[in-house]
Amino acid sequence: MQPVQAVQEVGENSALSTQPTREQLDFFEKRIRPVLVKHCYKCHSEEAAKKDELRGGLLLDSRDGILAGGESGEALVPGKPEEGTLLGSLNYDLYEMPPAGKLPQEVIADFRAWIEMGAIDPREGKVVAASEIDIEAGREFWAYRPIVRPEIPMIENAGTAIDAFIGQALQQANLASVGRANRETLASRLYYDLWGLPPTPEQLENFVSSNSENAYEDLVDELLRSPRFGERWGRHWLDVVRYAESVTLRGLIYKEAWRYRDYVIESFNDDVPFDFFIRQQISGDLLEAEGFEQRRKNLIATGYLAMGNNNLEDQDKEKLRMDAVDEQLETIGRGLLAQTIGCARCHDHKFDPIPTSDYYALAGILRSTESIINANVGRWVVAELPVPPEKMEAVKALSQELALVKSELAKLTKDKSVGVIKVSDVIGIVVDDPAAMRTGNWNTSTSNKTYVGPGYQYASGGSPDTRAVFEPPTELEGEYEVRFAYAYGSNRPKSLPVEVWDADGSRITVLNETTLPAVDGHFDSLGTYRFEKGMKPRVVVDVSKASGAVVIDAVQFLSEEVLAQESAPTDQKDKEAVAARVKVLQSKQKELEAQIPAKETYITVNEAKQIEDAPIHIRGDVHNLGDVVARGFLQVASSSRPPQITQGVSGRVELGQWIASDSNPLTARVYANRVWGWLMGIGLVRTPDNFGFTGESPSHPELLDHLAMTLKDSGWSTKQLIREIVLSQTYQRDSKPTVKQRELDPENRLLGHMNRRRKDAESILDAMLQVSGQIDFTMGGPTIRPGTSNDYNYDHQGFRRAVYWPVFRNSLPDVFQVFDYPNPSVVVGKRDVSSTSPQALFLLNNPQVMEYADLAAREFLAIPDIDDARRYTLLTRSILGRNPTESERTVSLAYVQRAENDEQRQQNWARVIQAVFASVDFRYIK
């Protein structure tokens, strides 16, 4: 979110006169407080004052302090960024603060935005205080109470339990509901809500003209069975998980993110139980799987945790690690539990019963999970999907043959005594240093330009508890030569013991890392070893027993067969023979590579090599640590005994179990509310991402619990919950309110009529694509054009459904931006809905829309044996889901009939279609 956007979203409220909004508090906690803690508290805090180190009499660690100002006058004036000393000091115009160096311009822009929005500041001067949160009292709040099955009211003519709860509230308000919508309206409503598409004229006619008593129910079931359903409802979920295919920084692209998108769509089509759906995304890589396909889906699901918009360039790697954890907790908290967990990072939650210790109990789980690989610019975790079982043996055989060919080629064509070698170019079985299990403090380097893979690791000799263990990824059987790679240098250990464990026990070889490795300048041999099935070969480097900078690079296991192929021809005089052999081998290599399926990769997370509980970060500062908190869950939502996290595991499996538990009071309520909101236009709780004290209470609490119980009773079936809602009289009501409803219930909280809703960006785009006759219903697969290196100024085009268009954080399609597409960096359970003149202007003037209208005109003009009146009726039924009014027909036909030739006729029809696209009726669902 840019600072200007933040100001627009949170409004102009003053910190002194109004209750702060969630967005305002979030902005302070995420953009302002961390900067103050890191750069200002040392000289401008109560703690500095106690040490007699306070500068300028200015306190910046509390709201009262910052408003009071210091010796130089007011630090800031809420709403007036040009007044006060703070902004001028940050800009180095007045003073130079912080003195260690000017802050980045985007940080200064955040401070300007914060002051403009009223300098919202929840701090009350308590830097570190004992928790005053009463967990038991907190459990009395509606959202934390156990879900109970409510008694269904006895309401006359109520068709379903839903109608009974709605009817009871209407009766108590002395209001009546409106009648059922007509069939055309119901068909359009269902198609848009369940498919995100308008019904075709044929589909509309089939339903409207049906004489079956079950026509409506049959249509519901038909729509739920279609693959179009998963594309529509999968997109809802992608809003909640902040799905994107790039990061803002540098526009780096998540090339594998599409697999997660396709997994979500398939899951909704397959009606995967929502509780299992949650557990897959939290810990799919750690779950048992029934079969190969299930295993693939479990792995891909973990992309949920990996797609955060993190500052991968941050050189404070501990801060980057914790920021990534915080982003994940915000996504889990708001998305699955509707809890603002991130507000407890620096202090106990100011409104909800969430102590800081609960935040760090959860953070410990995610800190024990590897999400980012540290480098100058951090990298997300990418892994290979398993090969299908039926292809495993063939791929293994081909890979072995290819390894032999490459080893011979390498010896014939390369001098590898210096330089960087790709792991894929090294013969045998290779375990590179990133795959080693490491304890202690290791660092990555590429300073020595002779190494294997992306770099090598080094650690200080003599360091206690610092080891590296290399294990081959597959079982070994027979005799293997084991080699160890290191980047040699004068500051390396002259005596480094390396221990190899094989079938006969263990053997130690002492290496001298100050000398050039004997084999190709990269490897030294550790000898020949015998391995048996069922054992784990290991190569262990113990840093504590050496001096100097201990380097580990790679370990190589070479079978007798591979060793036999390793020797180069001894007679190099016959260059022609060598050249001919190289040509044969290169041809064979290409042939084998073509037969081996391309490796399929996915974005994911891993169990961290170091599993640990997290210390509390005092004031959120990663370098100011407090007490360590055992990994666990939110106490207020854990009335029954939560799963126990065992030693040696991150706790993600248990986290998924706790969230998806029947006894968790939040999860079922939150999801049931989301489903209701996606169908009705507004949730029973109008703050779907915040069920806390600053959120809204449900308009119909008993109905919400009924829906939550229905969800759980059905085995957490999304389709069954949707079916119950859309079959209710409440959903099928007309959208036109009565005069009395307008007067007594202007916001329609009692649901006496259906809400009229503006279509979202994807529905508008998909409808135009469908009417154009060019929509491509191909499902799944990557859609980013090959060769795209970053997401800046990406030219979005094509005829696939909108759900498959790349979601780039730096460049969204125009239609997405105009029609309130959600910010793909945060959880969005309820999209903003605006109605602005630029929307109509976009539909009238955008070249892409004009192209769709032109293509649609060609489609309608190609229909044989109909007159223009019938053609126009088909057009409005295709776009608006209804017959035209007489005035619409008269005006439109008069315009198209002004054409003097076929070209003008086609152009006039295109303009008529574009006018229908720009109409209010096209943009809204009744």
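Per residue, the average separation of C-alpha pairs within less than 8 Å and at least 6 apart gives the chain a relative contact order of 16 percent. For residue 667, neighbours were defined as the other residues whose beta-carbon sits under 10 Å from its Cβ, and their charges (Lys and Arg +1, Asp and Glu -1) total 0. Out of 821, 862, 376, whose Cα points farthest toward the positive end of the dipole of the chain (charges: +1 Lys, Arg; -1 Asp, Glu; placed on Cβ)? Towards the positive end, the residue furthest out is 862. Of the residues 421, 437, 550, the one whose Cα sits farthest towards the positive end of the charge dipole of the range 416-567 is 550 (charges of +1 on Lys and Arg Cβ, -1 on Asp and Glu Cβ, taken about the Cα centre).
Extension gain for residue 720 to residue 475 (0.36 nm times residue separation, less C-alpha to C-alpha distance): 83.5 nm. The alpha-carbon of residue 350 sits under 13 angstrom from the alpha-carbons of these aspartates and glutamates, leaving out residues fewer than 8 places away in its chain: 26, 29, 121, 124, 132, 134.
Distance from the Cα centroid of the range 305-382 to that of the range 514-533 is 42 Å (rounded to whole angstrom).
Ordering of 43-51, 29-37 by packing is 29-37, 43-51, highest average first (other Cβ atoms within 10 Å, averaged per residue). Taking a straight line from the alpha carbon of residue 759, these lysines sit under 23 Å away, with near neighbours fewer than eight places off in the same chain left out: 719, 736, 830, 926. Relative contact order, whole percent, for the range 453-515 stands at 28, derived from Cα pairs under 8 Å and 6 or more residues apart. Pairs from the list 536/609; 255/536; 545/609; 406/449; 494/536; 42/319 with a Cα-Cα gap above 26 Å: 255/536; 494/536. Note on residue 443 and residue 835: their simple-model spin labels are 6.2 nm apart, each label 7 Å out from Cα toward Cβ.
When you count the other C-beta atoms within 10 angstrom of each residue and take the mean per peptide, 498-511, 228-241 line up highest first as 228-241, 498-511.
For residue 518, neighbours were defined as the other residues whose beta-carbon sits under 12 Å from its Cβ, and their charges (Lys and Arg +1, Asp and Glu -1) total -1. Taking every alpha-carbon pair under 8 Å whose residues sit at least 6 apart, the range 741-837 reaches a relative contact order of 27 percent.
Computed from the coordinates by the stated procedures, all read-outs in this text should not be read as laboratory data. Since the model is a prediction, treat every value here as computed from it, not as a measurement. When we count neighbours, we look across all protein chains shown, and the Cβ atoms used for this are built from the backbone with ideal geometry, even at glycine.
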